[in-house]
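Structure record follows, encoded as structure tokens.
Quick note: the coordinates plus some simple rules give every number you see, no bench work behind them. Worth saying up front: this structure is predicted, and the values here are computed from it rather than measured. Note that we place each Cβ from the backbone using ideal geometry, even for glycine, and neighbour counts take in every protein chain shown.
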Amino acid sequence: MTKSSINIIPKPTSLKSSGSSFDLLSINGIYIENNSTDEKEIAEIFQNYLRPLKKLKIEHSTHDVKNKINISLNPKHNLKEESYKLKIDDEKSVTLKASSKSGLFYGFQSFRQLCDPDLEKKIKPNNTAIPSCDIIDTPSFSYRGMHLDVSRHFFDIEFVKTYIDMIALHKMNVFHWHLTDDNGWRIEIKKYPLLTEKSAWRVDRRHEPWKEQSPANPEEQATYGGFYTQEEIKDVVAYAKKRNIMIIPEIEMPGHTSEVFAAYPELSCNNKYIPVNPGSYWPNIDIFCAGNDAVFSFLRDVLEEVSLLFPGPYIHIGGDEAEKTNWEKCEKCQNRIKEKNLKNEHELQSWFIKEIEKFILSKNKKLIGWDEILEGGLAKSATVMSWRGFQGGIQSAKSGHDVIMCPVSHCYFDYYQSNPENAPAAAFGGMTTLKTVYSFDPIPKELNSNNSKHILGGQGNLWTEYVQTPKIAQYRVLPRMTALSEVLWSGPKKYTYEDFYLRLQDLQKRFDKLNWTYADGSFEVNINSVQDNQQSPVLVSLSSEHPGKPIYYTTNKDQPDQGSKIFYKNFPITKTTTIKAVIPKPDGTLSAVSKKTFYFHKAMGKTVNYITKYVKKYSGAGEQNLIDGLIGTTNHNDGYWQGWEKINMEILVDLQQSTKVNTIICGFLESHRSWIFLPEIVEISFSSDGERFINKKSYVLEDGEHYSDPNRKEVIFNELNQSARYILIKAVNKEICPNWHAGSGGKAWVFSDEIVIE
Ligand code: ACM
Ligand code: ZN
């Protein structure tokens, strides 16, 4: 019998440990206090889990007994929904108390994580010791969700159940089932059999990259797809219920619905048959006609059947990314706008959603939708899923609506989790690392305590354009959902990433036994600077997502390896220096080399006063960003760029004493697809007192080739031969996207990464 440490994820609210341990073999039965079916059901979960050790009998007993697992579900424990107390006693008993069945279930999930992972494989472990401890545990957020898109790729019932098992182990309690989308309809609707005969199937183009899949040829057989029968759905709903998981079904509308028109073309604006689409085409303009009453009869019929299948309180109606081009041209849609006195197509969408809301409320259900349902006016009872960022959620919570936070920045698990160059398979564009997920706080600072109670929790989303198989699905979400589960259960920013990471190593052993695939995370060394006025203008800081692993680095341009210097603490530089760094991977090989050049210059470690402020989302390294010696890549999201939206960038560099300046180099980004343009003009001027500015110089820029790949541009002012303490720098924003651009009239951005002063 050996002693084990306690590494539960999500970390319990309170955990006391005596340091001693308890032998599972000393248990000889399970006692339930009230002989209720709920207690019995949980007792059976313990019984099954421990069967490889012993066959334990379940019996009724009104008081705790030694050598037993004592289970009590009783309101008198006065524990909140989902909360529990678990005591593993040196006196050789296990007691689990809760005032809700869900609390008992989560008590089991913690107990499970105390046991040797071999039990996950249903084999007798060599180690039968578990640590003695006393746990009191309660979740921070009531909504802890995971989403799965089964339209872009189809996942069978077996995997859906595994996904639910994954959710349960993490003490999460919502499964958002994205059942319909452009690439396939996945739920049997008895009244509309063509949805599963036709809309569930597409031509098989899995050998082609998602965005390049060629359209169906006329007469070509649609062979890829699938759907769930209503019997299968009932089975999954029951499976989830046993695991305290509510299922939210999503039926998309008015957009992301082109697959419906393979079966019922009359429901689109132009009444046109379209085969179910393999891959993406974007924007997808084939959406439900908002002027056709038949659309609403169809949707009411569909939602009627959906509401009977799913006992939970919510129905998700999508609402995202509905491209309104056809509505602008459609006579029926335009008539509806007139008839209902609506201003535009946004109000038409809002009217659409409110029509559906009436029906959903009549079924005693609640409507939930993506944050686009805010546009044109939010339906009164709606709960909003904020995905495009935090803003939709903030606005909704302020107006008294419930909100689920799932911003792309922290919760999109279809994104890369490490540098795309080193990732094993193509993913969706962005990058959300494990550390980023762990830093997620569902409650933005903009909300006061009154509004923030509307933030019910958060959710991880798995869109499956780039997820072809169950193994890839697991690889994408594990362990990012593990980090999310701790944010949502234990509370955001409660524990350090390092503490979480240590416990994760243990949980991953359990994933191995369960045969669940997971990602190793990012093996990139992050190279950053921290300000330090004492030793040197800036210090170099190296970190990774794998605390405890050595970071090998060089400063002389050599390739780093196990023989290179090991990073222990932040170090100074005194000249322009290229840092290269690696860490070892689990297989013993070294990570790809991270490389960053520090430009040593006269403004480093000095101050920048922001006359106009960058947007918080694009803060780079904060107030030091422009003079920290570090430049960005061509990815505006890489953490080295600051962005100004619709306003000029205007800053005052304070060199703190009169300084001879010869050259100023200003770095800007041009990334047309992200609405980022070069400034029209860059102006500099100098001052000794910060008030009177002289010797203004300007530099006029022109746009590069339209939509060329993102590029970094340096604006260089040479031979200045100027002594000054203050330098005023202004980069003039176009303010709005130019006529040639897809965002014409929309807000234009200026992005800057560094102002080198020499
Ligand atoms: C979404 O990602 N379109 C909700
Ligand atoms: Zn129409």
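Tabulated results
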{"item": "Estimated vicinal HN-Hα couplings, Hz - the stretch 610-625 in sequence order (Karplus 6.51, -1.76, 1.60; Gly, Pro = x)", "result": "8, 6, 10, 9, 5, 6, 3, 4, 10, 9, x, 8, x, 4, 8, 3"}
{"item": "Length added when fully stretched, Glu355-Ser18, from 0.36 nm per residue minus Cα-Cα", "result": "115.4 nm"}
{"item": "From phi via Karplus (6.51, -1.76, 1.60), per-residue ³J(HN,Hα) for the stretch 265-282 in Hz, x at Gly/Pro", "result": "x, 5, 8, 9, 5, 9, 6, 10, 5, 9, x, 4, 7, x, x, 9, 10, 9"}
{"item": "The stretch 661-733: GluC sites (Glu not before Pro) in DSSP coil with no more than 15 other Cβ atoms inside 10 Å", "result": "Glu691, Glu702, Glu705, Glu719"}
{"item": "Across Lys40/Lys493; Lys121/Lys445; Lys471/Lys557; Lys40/Lys509; Lys398/Lys613; Lys87/Lys241, pairs whose alpha-carbon gap is larger than 32 Å", "result": "Lys40/Lys493; Lys121/Lys445; Lys471/Lys557"}
{"item": "Rounded to whole Å, sorted largest first: equivalent-ellipsoid semi-axes of the stretch 519-647, Cα gyration tensor", "result": "28, 18, 11"}
{"item": "Rounded to the nearest 20 debye, dipole of the chain from Cβ charges on Lys, Arg, Asp, Glu", "result": "2160 debye"}
{"item": "At R0 = 45 Å, FRET efficiency that the Cβ-Cβ distance of Lys398 and Asp689 yields, to 0.05", "result": "0.55"}
{"item": "Computed E for Lys660/Leu53 - FRET, C-beta separation, R0 60 angstrom, nearest 0.05", "result": "0.15"}
{"item": "Sites matching trypsin sites (Lys or Arg not before Pro) across the stretch 606-638 that sit in DSSP coil, with at most 14 neighbouring C-beta atoms within 10 Å", "result": "Lys613"}
{"item": "P(r), alpha carbons of the stretch 246-289 - 10 Å bins starting at zero, rounded %", "result": "29, 51, 16, 4"}
{"item": "10 Å beta-carbon shell around Glu82, net charge (K/R +1, D/E -1)", "result": "+2"}
{"item": "Of every Cα-Cα pair in the stretch 441-555, the percent that sits beyond 18 Å", "result": "67 percent"}
{"item": "Stokes-Einstein diffusion coefficient of the stretch 289-402, Kirkwood radius over Cα pairs, 37 °C, 0.692 mPa s, in µm²/s", "result": "224 µm²/s"}
{"item": "Added length on full extension, which subtracts the Cα-Cα distance from 0.36 nm per residue, Asp204 to Glu421", "result": "75.4 nm"}
{"item": "Nonlocal amide H pairs with Ile189, under 5 Å, H built at 1.01 Å", "result": "Thr196"}
{"item": "Amide proton proximity set for Thr612, modelled H, under 5 Å, gap of 5+", "result": "Glu650"}
{"item": "Karplus-derived HN-Hα couplings along the stretch 122-131 (A = 6.51, B = -1.76, C = 1.60, θ = phi - 60°), whole Hz, x at Gly and Pro", "result": "6, 10, 6, x, 5, 9, 9, 7, 10, x"}
{"item": "Loop chymotrypsin sites (Phe, Trp or Tyr not before Pro), the stretch 654-715, which have at most 14 other Cβ atoms in a 10 Å radius of their Cβ (DSSP)", "result": "Tyr707"}
{"item": "Mean projected area (nm²) of the alpha-carbon convex hull when the stretch 349-421 is viewed from all directions", "result": "5.7 nm²"}
{"item": "Charge dipole magnitude, Cβ of K and R +1, D and E -1 - the stretch 701-747, Cα centre, debye nearest 20", "result": "320 debye"}
{"item": "For the stretch 405-504, the Rg and Dmax computed from alpha carbons only, in angstrom", "result": "14.2, 45"}
{"item": "Difference of contour (0.36 nm per residue) and Cα-Cα distance, Lys747 to Ser452", "result": "103.3 nm"}
{"item": "Tail fraction, Cα-Cα pairs, the stretch 610-758, threshold 22 Å, whole percent", "result": "36 percent"}
{"item": "Sequence-distant residues sharing a close amide H with Lys565 (under 5 Å, placed H)", "result": "Tyr553"}
{"item": "Separation in nanometres of the label points that stand 7 Å from Cα toward Cβ, at Ser297 and Leu590", "result": "7.1 nm"}
{"item": "Packing-based order for 155-166, 565-576, 250-261, 746-757, using average beta carbon neighbours within 10 Å, highest first", "result": "250-261, 746-757, 155-166, 565-576"}
{"item": "Computed over the chain, the ratio Rg/Rh where both radii use C-alpha atoms and Rh is Kirkwood", "result": "1.00"}
